[in-house]
Amino acid sequence: MQLIQFTGTSNLTEKAVELICQIVKEKPDATLCFACGETPRPVMNGLIQCHEKGSVDFSRVTLIGLDEWIGVGRETKGSCAQMLYDDFFTPMGFKEDQITIFNGLSANLSDDIEKINDLVEKKGIDFLLLGIGMNGHIGLNEPGEDPNQNAHLVNLSATTKKVMSKYFSEEIAIEKGITLGFSQLLNAKTIIMIATGERKAKIVKQIIEQKPNPQLPASLLKLSKNESLFFIDKEAASLLD
Ligand code: F6R
């Protein structure tokens, strides 16, 4: 994992956008996987600008969902599906047949898991964009989970249940999530994990200082044998020596 420190969030975003555009130019049918939430939003906006300018053709990429809260669907503001569609997929003009994401309302989650596992197995992940939870979770891989898993159901940690309320406009009781697992994530050809802002400084310090271990899922990115980049801005780097 290569740590890259940026002076500002805007040059961090520009570099991430540039890298993703390069990947799609070199492989127009690349498979891309994006976290939702606050962290990836500026990068998504940058990609939308590229799409609008017509500088890169995204019409052949495949999108695979990273995670979802169980019990909510696209119509709930704050679900991963809602954020991904409204903030990214729709403005990018992606067609339905390009998109495979988890359905938190599915009556048959094991079929969904199998379908997404098959797709990841068949296509691989060319590019993965990650944020980091306040407890170091990645996707919804929570601290202490077995990292040798594909897509799976997760019991949400107390920290995640507390923090997730920021996404939803009303109080919502969610106990479980669904996520791609580290067996899949670590095989992604290029990974950019992003941490921005002072609130991520403490977890960034832990990630840098600790050896890869499942109690701090983000530290497991150090095990990637592919291109694994850790982009942080000045605020997120503020506790590093
Ligand atoms: C969401 C996801 C999560 C978030 C993390 C940080 O799809 O994968 O791991 O990336 O919780 O969330 P933000 O970016 O909102 O701080």
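Just so you know, all these numbers are worked out from the coordinates, no wet-lab data involved. Since this is a predicted model, take the numbers as computed values, not measurements. FYI the Cβ positions are ideal-geometry reconstructions off the backbone, even for glycines, and counts take in every protein chain you see.
For this structure, a couple of remarks:
- Residues in region 178-235 that are without any contact (Cβ under 8 Å) to a residue 12 or more places away in the chain and not charged (D, E, K, R): Gln210, Pro212, Asn213.
- Some residue of region 165-172 being among the polar types (S, T, N, Q), more than 10 Å from the ligand (Cβ to nearest atom) and either closer than 18 Å to Cys36 by Cβ or touching a His at 6+ places or on another chain (Cβ under 9 Å) (or both): yes
- In region 121-145, of all residues being assigned to a loop (DSSP other than H, G, I, E, B) and under 19 Å from Glu227 (Cα atoms), the one that is nearest to the ligand (Cβ to nearest atom) corresponds to Gly131.
- Selection status of Glu18, within 18 Å of His152 (Cα to Cα) and away from the ligand (no atom under 16 Å from the Cβ): no
- Test: residue in region 50-68 that is under 26 Å from Val163 (Cβ atoms) and among the polar types (S, T, N, Q): no
- Some residue of region 104-115 being touching a residue at least 40 places away in the same chain (Cβ under 8 Å), crowded, with 20+ Cβ neighbours inside 10 Å, in a loop (DSSP other than H, G, I, E, B) and away from the ligand (no atom under 15 Å from the Cβ): no
- Residue in region 146-164 that is farthest from the ligand (Cβ to nearest atom), counting only those that are out of contact with any helix residue (DSSP H, G or I) (no Cβ under 7 Å at 6 or more places or on another chain) and part of a loop (DSSP other than H, G, I, E, B): Asp146
- Residue satisfying condition, being closer than 18 Å to Ile4 by Cβ, out of contact with any Leu (no Cβ under 9 Å at 6 or more places or on another chain), assigned to a loop (DSSP other than H, G, I, E, B) and more than 13 Å from the ligand (Cβ to nearest atom), within set Lys222, Lys234: Lys234
- Qualifying residue in region 34-55 (condition: more than 10 Å from the ligand (Cβ to nearest atom) and at positive phi): yes
- Of all the numbered requirements in (1) within 16 Å of the ligand (Cβ to nearest atom); (2) more than 12 Å from the chain's Cα centre (by Cα); (3) assigned to a helix (DSSP H, G or I), Gly71 misses one, and that requirement is (3).
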